[in-house]
Structure formats: C-alpha cells, structure tokens
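The values are calculated or read from the model by the stated rules, or taken from the named source; none is laboratory data. Keep in mind it's a predicted model, so treat the numbers as computed, not measured. When we count neighbours, we look across all protein chains shown, and the Cβ atoms used for this are built from the backbone with ideal geometry, even at glycine.
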Amino acid sequence: MNWLAFDVLMRTKTLMIKSLRYLPIIFLTAFMLFAYAHGLSESKTPPISSQPAQSAYDFINSIGVNTHLNYFDRTYGDFALVEHELRSLGVRHLRDGIHLQNDDYNKAVYGRWLELGSAGIRFDAVLDPRSNLGPLSGPLLDKVNMLAGGTIESFEGPNELDISNMKDWPLIDRNYQPTVFSSVRAMTSAESVKTVGPSLASAANGLQLGDVTASIDYGNLHPYPAAKMPSSVLSEQTHLASEVSGNKEIVITETGYHNALNDHSDQPAVSEQAAAKYIPRLFLENFAAGIYRTYLYEFLDEAPDPGLKNFQLHWGLIRADGTEKPVFIAMKNLISELSDTSRPDHLQKLGWNLSNSVPSIHHLLLQKSNGEFDLVLWQEVSSYDEKNQRDIPVTPEQVTLTLEEKPRSLRLYEPTVQAQPFNIYTDKKTITLEIPDHPLVIQITPR
C-alpha cells in the first residue's frame, strides 16, 4: 500500500471513531425534534370528551320574530300572506304591541292574533304609556288576552323610552314597569303569563333607569350588531343589562340586520346573502350564550322601497312584494331540521372532538326527544364588508369529527343552501367536514 493511501485510510478511521461519540446526541436531538413535531400535530386534536346536550325543543322555542299586525296600510295588511308565510316558516313566538280602540278595530287586530294562535303561535305583548291604554290593571290585561284568544304568553314593559324625547323617561319607566308587573299578577285568565322588562335603545342607558328586578321575570335587550358578525356585541350588552335586570334571564326582544344598501343614515346594511348567513348564526350564538328567547326585527319589509334608500323598510325576512329573501329559506330549513315536539325526558351526553379546529369554529350540541343528537357547527367570522358593501368569500375550515361511539348514521345539512341532506354516512365514527360561515348541521342517530 502506498503511503498516501494509507494516510487517508487512517485519517478516515480516526474521524469515524470520533464521530461515534456524537451518535447519542444526534439520535437524542432527532428524537426530540420528532416528538416536538408530533406534539404540535396532536395539539390540535383534543381528547374525546363527553358534552351534555341542550334541548332542540328549547332552541326552536328560543326563536321569535317581531310583527306589526295592526299596520293595515302596509305589507302587514295582506294577512293571508302573513299567515301563510308564518306557518311556512315554523316560528312559534311573535312580538307585537298592544293597542285598543273601538270594537271594530279591536276585533280586526286581535282576530289576527287569535287566528295565528290556532297555528300554535304565542305572543309577547308590549305595553307602553304612549299607547293610550289608560290605567293598567288585571281586568284590562284579561280583556286583551280574551280578545287575542288566550295567545299572550308575556307582557313587556315600555319600548325604548330612552330615545322617546321624554325628559323624565327613567322616572316614567320606573313607575310604569311595577304597574305592568302587578297587573299581570292580578290576571285571572292566564296564570303562566310572564313579565318582560322595559327595553332600551342603548343598554348603556340602563345606568339611568336603574334596577327593576323586583318588577320583571325576564330582562330585556336590543343588541343590534350593526352589520358586524352576530357575536360582536352580545357580551358587552349582557353585562350592561345586569344594571337593570340583575341576574334574571334575558329576552332579546329586538335584533337583526337590514338590507337598505343605499341608506347610510343609521346602521350599515348587509346584503341579502350575508343576512342569510348572519341571522341563523345570531339565533345559535344567542341561545348558546344563555339567552332565553330572541325576537328578530322583523317579519316583513313594511312597504315598497325599490331604491333601498330607507333602512326602516328593509328589516324583514320577506320583501314588500311578498317574495321570500334567502334568509327566510335559511331559517325555514334550520327550524325544520331541528324541530321537535317536546323536550327529551333526560338530556344525554355525546362524546366527540374536532381535529385541526380553530377558535372561530363555534358549536351548539342539541338533542331531540327521540334520542337523536344535532351538532351544529359554524365559523363565527365576518361574512360581509360593511364599509365597501361586498360579501366576503370565506374558505371553509377542514376538520375531522370523531365520535366516541359509532352511530347508526350521520346526516349532514346546510340549511342556508338546501333543505335536504347533502351527505349521509352509516357506521362511521370519523368523518372529514368543511365548516362554512353558516350553520352546518350534523344529525347523529345513535345505535
């Protein structure tokens, strides 16, 4: 062997021997990097945990809508349209104002309440000192309830006196609400009728109104999101409500979105397409946050306004020409898919998790009386750019749903898109989902 080759061989041997010293460090580093990377991937897959369900029946009964059944000269004057569309929608709770005049007027107005009552609809009835009802009393409220065929489930205090231009509105509210409460308690025709507190246009004005918990069964809020996503104002509003209603449950008697894109005088508008995403999410978000009932403002656009220039005329689920907006279809499908005839005897738990979930994915787990679970998922993100008045394309988030136990079947619905399920699985406990910015309903039928 020549000396040059021998020298290279010996140097290589020495280098290999030295490198062996570092093999444990190399292996340990590689193992730690693998474990770290594996931990990151696993961190987005929480362990399966059992979550108690809420009642689907209670959720459907948390959905209400405002009407103006005494607006005979507006879209509400077509009562055949009103009744047909309310029955089609499936909503069970309406909010309207109390007005008394002569016998013909009273019969015309409350005959409508009575007719809708035959469809199982019940009313939150607003009492207000500006309505010229005279002194409130149990017999007066009995009279109204009898005219309405016993359809009244709650009486509500004055509506937004804080923007009434009444100088002493806090005092008027504080004096009127106890009379509402005592008159409801003095009724003989309906023992279960409840009292809802007065509403305020701005919850911050509750500091001026003060505590009225002794004269209410439920607190009251009017949290309008002003074209932002549904959850944007709820937390602040419920905190402010405690100044008036303490820890009483809350009824949101007005909230919603309008479509008057060419009116820039008040709250910003959203497109009809964005409303079809936001409004179903609004009801889901509110119920998940513990709101007893939410009344959307309102059922119909009140009068024609083809230029979309008057925001007061475009809050409805239905246009002034009687055609249904996309949000009507979305709500009709959501109500149909989650509807139930009664509360379950015993609400159960469901073991499940989502891999690769992100904080913007919100959920509500419901159960029906037949044992079926309804897991509703949605992205709580902005779907509309109110400044530039354009819909925001939202990319669905891909996640994997894993159930603790294999169900008999899984049915997937998108109420904003269609009424029928778009996918059905049998004997699968793990499926991949695309979560949109509108509700995705997974109906889970256990074995």
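Is there a residue in region 256-272 that is on the phi > 0 side of the Ramachandran plot and surrounded by 16 or more Cβ atoms within 10 Å (Cβ to Cβ)? Before the answer, list the steps.
Residues of region 256-272 that are on the phi > 0 side of the Ramachandran plot, as a first pass: 256.
Narrowing the set further to residues that are surrounded by 16 or more Cβ atoms within 10 Å (Cβ to Cβ) leaves 256.
Yes, region 256-272 contains at least one residue that is on the phi > 0 side of the Ramachandran plot and surrounded by 16 or more Cβ atoms within 10 Å (Cβ to Cβ).
A search for C-beta distances below 7 Å between a residue of region 218-229 that is under 21 Å from Asp385 (Cβ atoms) and any residue that is of a type in the set (Asp, Glu) and surrounded by fewer than 24 Cβ atoms within 10 Å (Cβ to Cβ), counting only pairs 6+ apart in sequence or on different chains, returns Ala227/Glu386; Met229/Glu380. Hey, among the residues in region 355-395 that are closer than 24 Å to Thr430 by Cα and of a type in the set (Asp, Glu), which one's surrounded by the most Cβ atoms within 10 Å (Cβ to Cβ)? Checking each candidate, the answer is Asp374.
Within region 345-370, residues that are at positive phi reach partners that are assigned to a loop (DSSP other than H, G, I, E, B) with beta carbons closer than 7 Å, at six or more positions or on different chains, in the pairs Asn356/Lys44. For first residues located in region 295-323 and surrounded by 15 or more Cβ atoms within 10 Å (Cβ to Cβ), partners that are among the basic types (Lys, Arg) and not in a loop (DSSP other than H, G, I, E, B) and lie 6+ apart or on another chain with Cβ distances below 6 Å form the pairs Tyr295/Arg95. In region 432-447, the residues that are modelled with pLDDT of 95 or more reach residues that are among the basic types (Lys, Arg) and assigned to a strand (DSSP E or B) with C-beta atoms within less than 9 angstrom, at least six apart or across chains, in these pairs: Val441/Arg411; Ile442/Arg411; Gln443/Arg411; Ile444/Arg411; Thr445/Arg411.
In region 97-142, how many are closer than 24 Å to Leu296 by Cα and exposed (fewer than 14 other Cβ atoms within 10 Å of the Cβ)? Quick ask: steps written out before the conclusion?
Of the residues in region 97-142, the ones closer than 24 Å to Leu296 by Cα are 97-99, 109-131.
Pick out the ones that are also exposed (fewer than 14 other Cβ atoms within 10 Å of the Cβ) and you get 118-120, 130.
So the answer is 4.
Count of region 261-294 residues, restricted to those that are among the hydroxyl-bearing types (Ser, Thr, Tyr), at pLDDT 95 or above and either outside the structural domain of Ser242 (by TED's automatic domain parsing) or over 19 Å from Val65 (Cα atoms) (or both), is 1.
Return yes when Leu221 is at pLDDT 95 or above, more than 24 Å from His362 (Cβ to Cβ) and not assigned by TED's automatic domain parsing to the domain that holds Val394 and no when it is not. Criteria not met by Leu221.
Residue under question is Val399, and the condition is that it be aliphatic (A, V, I, L, M), closer than 21 Å to Pro47 by Cα, surrounded by 14 or more Cβ atoms within 10 Å (Cβ to Cβ) and not assigned by TED's automatic domain parsing to the domain that holds Ala226; does it hold? Here the answer is yes, as Val399 does meet what is asked. Give region 405-419 a look and list any residue that's assigned to a loop (DSSP other than H, G, I, E, B) and polar (S, T, N, Q), or say none. Selection gives Thr416, Gln418.
What residue, of Phe283, Phe287, is touching a helix residue (DSSP H, G or I) at 6+ places or on another chain (Cβ under 9 Å), surrounded by fewer than 24 Cβ atoms within 10 Å (Cβ to Cβ) and among the hydrophobic types (A, V, I, L, M, F, W, C)? Can you show your working first?
Numbers: Phe283 fails: surrounded by fewer than 24 Cβ atoms within 10 Å (Cβ to Cβ).
Selected residue: Phe287, the only one of Phe283, Phe287 that is touching a helix residue (DSSP H, G or I) at 6+ places or on another chain (Cβ under 9 Å), surrounded by fewer than 24 Cβ atoms within 10 Å (Cβ to Cβ) and among the hydrophobic types (A, V, I, L, M, F, W, C).
Suppose we keep only residues that are over 23 Å from Leu365 (Cβ atoms) and among the polar types (S, T, N, Q) within region 256-286. Which one would you say is nearest to the chain's Cα centre (by Cα)? Among them, the one singled out is Gln273. Once region 144-187 is narrowed to residues that are over 18 Å from His222 (Cβ atoms) and part of a loop (DSSP other than H, G, I, E, B), the residue that is modelled with the lowest pLDDT is Lys167.
Let's see how each residue does on (1) among the charged types (D, E, K, R); (2) touching a residue at least 24 places away in the same chain (Cβ under 8 Å); (3) buried (at least 21 other Cβ atoms within 10 Å of the Cβ); (4) touching a Leu at 6+ places or on another chain (Cβ under 6 Å):
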| position | (1), (2), (3), (4) |
| --- | --- |
| Val144 | no, yes, yes, no |
| Val180 | no, yes, yes, yes |
| Glu191 | yes, no, no, no |
| Leu207 | no, yes, no, no |
| His239 | no, no, no, no |
| Val244 | no, yes, yes, yes |
| Ile252 | no, yes, yes, yes |
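When Ala419 is tested against (1) buried (at least 16 other Cβ atoms within 10 Å of the Cβ); (2) within 21 Å of Glu337 (Cβ to Cβ); (3) not charged (D, E, K, R), exactly one condition is not met: (1). Exactly one residue among Ile163, Ile121 is touching a helix residue (DSSP H, G or I) at 6+ places or on another chain (Cβ under 8 Å) and in the same structural domain as Leu69 (by TED's automatic domain parsing), and that residue is Ile121.
Being part of a loop (DSSP other than H, G, I, E, B) and either at pLDDT below 95 or touching a Pro at 6+ places or on another chain (Cβ under 9 Å) (or both), is that true of even one residue in region 397-404? Spell out how you get there, then give the answer.
Step one: of region 397-404, the residues part of a loop (DSSP other than H, G, I, E, B) are 404.
Next cut, either at pLDDT below 95 or touching a Pro at 6+ places or on another chain (Cβ under 9 Å) (or both) only: none.
Within region 397-404, none of the residues are part of a loop (DSSP other than H, G, I, E, B) and either at pLDDT below 95 or touching a Pro at 6+ places or on another chain (Cβ under 9 Å) (or both).
Any chance region 409-416 includes a residue that's among the aromatic types (Phe, Trp, Tyr), touching a residue at least 24 places away in the same chain (Cβ under 8 Å) and either surrounded by 15 or more Cβ atoms within 10 Å (Cβ to Cβ) or under 22 Å from Asn333 (Cα atoms) (or both)? Yes, region 409-416 contains at least one residue that is among the aromatic types (Phe, Trp, Tyr), touching a residue at least 24 places away in the same chain (Cβ under 8 Å) and either surrounded by 15 or more Cβ atoms within 10 Å (Cβ to Cβ) or under 22 Å from Asn333 (Cα atoms) (or both).
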